1. I need every pair where a residue in segment 51-80 that is over 19 Å from L175 (Cβ atoms) has its Cβ under 7 Å from the Cβ of a residue that is part of a loop (DSSP other than H, G, I, E, B) and of a type in the set (S, T, Y), sequence separation at least 6 or different chains.
2. Kindly indicate whether any position in segment 141-154 is among the small types (G, A, S), within 17 Å of the chain's Cα centre (by Cα) and at pLDDT below 95.
3. Within segment 129-145, track down each residue that is crowded, with 19+ Cβ neighbours inside 10 Å, assigned to a loop (DSSP other than H, G, I, E, B) and in contact with a Lys or Arg (Cβ under 9 Å, 6 or more places away or on another chain).
4. Can you name the residue in segment 166-225 that is aliphatic (A, V, I, L, M) and under 25 Å from S76 (Cα atoms) and, of all such residues, is surrounded by the most Cβ atoms within 10 Å (Cβ to Cβ)?
5. Does any residue in segment 158-178 that is farther than 21 Å from Q122 by Cα come within less than 8 Å, Cβ to Cβ, of a residue that is part of a strand (DSSP E or B) and of a type in the set (S, T, N, Q) six or more places away or on a different chain, and which pairs are these?
6. Limited to segment 183-224, what total is found for residues that are hydrophobic (A, V, I, L, M, F, W, C), under 22 Å from G157 (Cα atoms) and not in a helix (DSSP H, G or I)?
7. Just checking, does segment 164-182 include any residue being touching a Cys at 6+ places or on another chain (Cβ under 7 Å) and assigned to a helix (DSSP H, G or I)?
Amino acid sequence: MELTVDEEHLGQPESVWKASGRHLELEPLTWLPSRRVIVVAPHPDDEVLGVGGLIQAALIRRIPVKIVAVTDGEGSHPQSHAPMRFDLASVRFLESHLALRRLGWEEPEITQLHLPDSKVAQQRVRLDEALEAILKPGDLCVAPWRRDGHPDHDACGEAAMLASHRVGARSIAYLVWAWHWADPEGSDIPWDHCRRLDLTRRERARKRWSTEAFRSQTQPLGPEVEDAPVLPSPLMRRFWRTYEVYVDEAART
């Protein structure tokens, strides 16, 4: 699947997802005792866009959280010359750190793997080894859905699920790009295995404030067409919902 995202390709409108009422049919996500919550982020911002509410819920429960930043996100604007004028990888790390602090996490714990952006699938051995070294029995691993639609997300999702199984951790998956391409009325998303995490008003406000930290993705890098935002405002509405959706493939249907 080739993802195209620009002002002419904004994917499934949020109004369509809302009108479908799919989220109303989902059972709530059940919190099970967890040693830690390990969030696998293919790019700096995925951890907040997909998991910002769950991270807050874990912190409130005093469950330790660790972010595994798989890539540095240096390839977000592949046709732009703007990243050559500054260190985009460093900018994105600082944005991620600020965003996590805005969620109420005073000292975010981030482990960077520095795998090449957009080429994670070619680095599966390194990714598998890293995740198996990080994950422990009793952890809750939260990673992208293995069919999310972006090659880095899909690779991270599959690797996290397999590594969790090997070490005895529980795994659930979050959606980012599936909201862009999937059909609410179709069978693209395994709704029978999806669970909903409702967010409080405070959690929603913190998450939205947190997403504003990702200026390199939501604002133009420069004046050229290639510098356009990767996450224009219509896309961001998907992540400002009153709930988050997780795929729990171990859940009974």
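The values are calculated or read from the model by the stated rules, or taken from the named source; none is laboratory data. Treat the numbers as computed from the prediction; the structure is a model and nothing was measured. Using ideal geometry, Cβ is built from the backbone for each residue, glycine included, and neighbour counts are taken over all protein chains shown.
1. Pairs found: I63/S34; G75/S118.
2. Within segment 141-154 (the criterion being among the small types (G, A, S), within 17 Å of the chain's Cα centre (by Cα) and at pLDDT below 95), the answer is no, since none of the residues qualifies.
3. Passing the criteria: L135, D139.
4. So, considering only residues that are aliphatic (A, V, I, L, M) and under 25 Å from S76 (Cα atoms), the one surrounded by the most Cβ atoms within 10 Å (Cβ to Cβ) is A173.
5. Hits for this filter: H165/S171.
6. 3
7. Checked against the condition, which is being touching a Cys at 6+ places or on another chain (Cβ under 7 Å) and assigned to a helix (DSSP H, G or I), segment 164-182 yields at least one hit.
A quick yes/no check of all residues on (1) at pLDDT 95 or above; (2) surrounded by 14 or more Cβ atoms within 10 Å (Cβ to Cβ):
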residue	(1), (2)
T4	no, no
V16	yes, no
L26	yes, yes
S34	no, yes
L49	yes, yes
